[in-house]
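Structure record follows, encoded as structure tokens.
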Amino acid sequence: MKDSLQARIWVALVTVYIVWGSTYLAIRFAVETMPPFLMAGVRFLVAGLILYAWRKFSGDIPARKIEWRSAAIIGFFLLVGGNGSVVWAEQRVPSGIAALMVGSAPLWMVLLDALRPGGQRPGWRTITGVLIGFAGIVLLIGPGQVAGNGGQSDPLGVAALFLAAFMWAVGSLYSRNAQLPASPLLGTGMEMLAGGAMLLLLGTVSGEWSRVDLTSISARSWWGLIYLIVFGALIGFAAYTWLLRVAPTPLVSTYAYVNPLIAILLGSMLADEQLTLRIVISALVIVSSVALINTSKGAATKQKAPIEVVTPTGDD
């Protein structure tokens with residue numbers, strides 16, 4: 001029985017690695033011919049409705065008003081500010097670089113947690129990890145790498161990705177003490193419904209409906225959207241929430257290191273995105289810094305469970 005559980009844990013973990021690592025490329029394909037905010041809004045509304053209906057019919061206790069409020073706040077930070085910034089940025093920035101930038105969210109979380117009243121002060125290993133991580137970001141998208149200086153990183157796209165990582169960090173910190181339903185999937189469905197509605201509103205306010213032409217949407221964009229709904233949101237979240245119940249948190253958190261690497265490889269293989277030595281070195285530096293931060297948390301004074309980040313695809 002134990003061997004069977006271990007096998008299922010690794011199947012679920014590899015599923016999260018591949019599915020969430022590939023969502024960055026799916027986003028790039030989707031926004032090629034779809035307006036970004038409307039695409040993301042449809043994605044999360046559909047996925048949220050499915051998750052919410054599933055958990056309601058499974059007998060979950062109805063959510064209270066305060067839980068809906070918390071879900072709406074989290075949906076704003078993670079899905080509108082976080083995922084919304086990513087889908088907009090991927091019109092300008094390669095998917096692999098987007099994944100690396102968003103993968104730096106734990107660096108912002110450490111800084112914000114240290115600065116807020118009653119927050120946790122980082123130890124020397126965590127501080128070292130943060131410094132290494134930001135050095136990796138400078139190497140990845142420093143002044144000499146932006147599009148205006150002959151690089152491949154668009155300045156506005158990079159700024160949007162910084163905003164995405166920051167918003168995910170704020171939303172993840174807020175979610176630690178937020179009042180949410182006992183069922184993680186019900187809460188996720190509520191966050192998707194709220195965030196999806198706000199993304200549709202953002203798309204409407206920004207005039208994206210005038211860009212919608214169903215006849216001009218490519219098959220690749222449709223498949224990208226379907227993949228994001230079915231695999232990125234539904235299968236990915238189901239596997240992730242199950243892992244949180246049965247697997248050690250340090251093992252589950254390894255998706256934060258693996259996903260950006262998968263995104264870079266897929267972007268290079270399937271979308272002809274540039275893969276240079278600088279990008280490879282930056283990836284190793286940033287991923288190593290996140291690993292150092294997470295392991296230093298686990299080693300320190302058996303504090304509260306490591307901060308969970310809903311991936312920077314908005315999946316988690």
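The values are calculated or read from the model by the stated rules, or taken from the named source; none is laboratory data. Every value quoted in this text rests on a predicted model; they were computed, and no experiment measured them. FYI the Cβ positions are ideal-geometry reconstructions off the backbone, even for glycines, and counts take in every protein chain you see. What goes into the accessible areas is simple: the full protein's heavy atoms, side chains included, and nothing from ligands, DNA or RNA. Shrake-Rupley method; radii C 1.70, N 1.55, O 1.52, S 1.80 Å.
Odds and ends about this structure:
- Any hit, segment 6-13, residues being touching a Gly at 6+ places or on another chain (Cβ under 9 Å) and either in contact (Cβ under 8 Å) with a residue 40 or more places away in the chain or among the β-branched types (Val, Ile, Thr) (or both): no
- Test: residue in segment 101-121 that is among the basic types (Lys, Arg), modelled with pLDDT of 85 or more, over 20 Å from Ser253 (Cα atoms) and surrounded by fewer than 21 Cβ atoms within 10 Å (Cβ to Cβ): no
- Number of positions in segment 111-126 that are of a type in the set (Gly, Ala, Ser) and closer than 24 Å to Ser288 by Cβ: 2
- Hey, Phe57 open to solvent by 10 Å² or more (accessible area, probe 1.4 Å) and modelled with pLDDT of 95 or more or not: no
- Segment 42-66 residues that are in a helix (DSSP H, G or I), paired with ones that are open to solvent by 50 Å² or more (accessible area, probe 1.4 Å) (beta carbon under 6 Å, 6 or more apart): Ile66/Gln179
Conditions (1) open to solvent by 20 Å² or more (accessible area, probe 1.4 Å); (2) modelled with pLDDT of 80 or more, marked per residue:
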{"position": "Val246", "(1), (2)": "yes, yes"}
{"position": "Tyr255", "(1), (2)": "no, yes"}
{"position": "Pro260", "(1), (2)": "no, yes"}
{"position": "Leu265", "(1), (2)": "yes, yes"}
{"position": "Ile279", "(1), (2)": "no, yes"}
{"position": "Leu284", "(1), (2)": "yes, yes"}
{"position": "Gln303", "(1), (2)": "yes, no"}
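- Residue identified as of a type outside the set (Gly, Ala, Ser), open to solvent by 30 Å² or more (accessible area, probe 1.4 Å) and in contact with a Leu (Cβ under 8 Å, 6 or more places away or on another chain) among Leu45, Leu38, Leu13, Leu25: Leu45
- Among the conditions (1) open to solvent by 30 Å² or more (accessible area, probe 1.4 Å); (2) at pLDDT below 90, Asp213 misses just one, which is (2).
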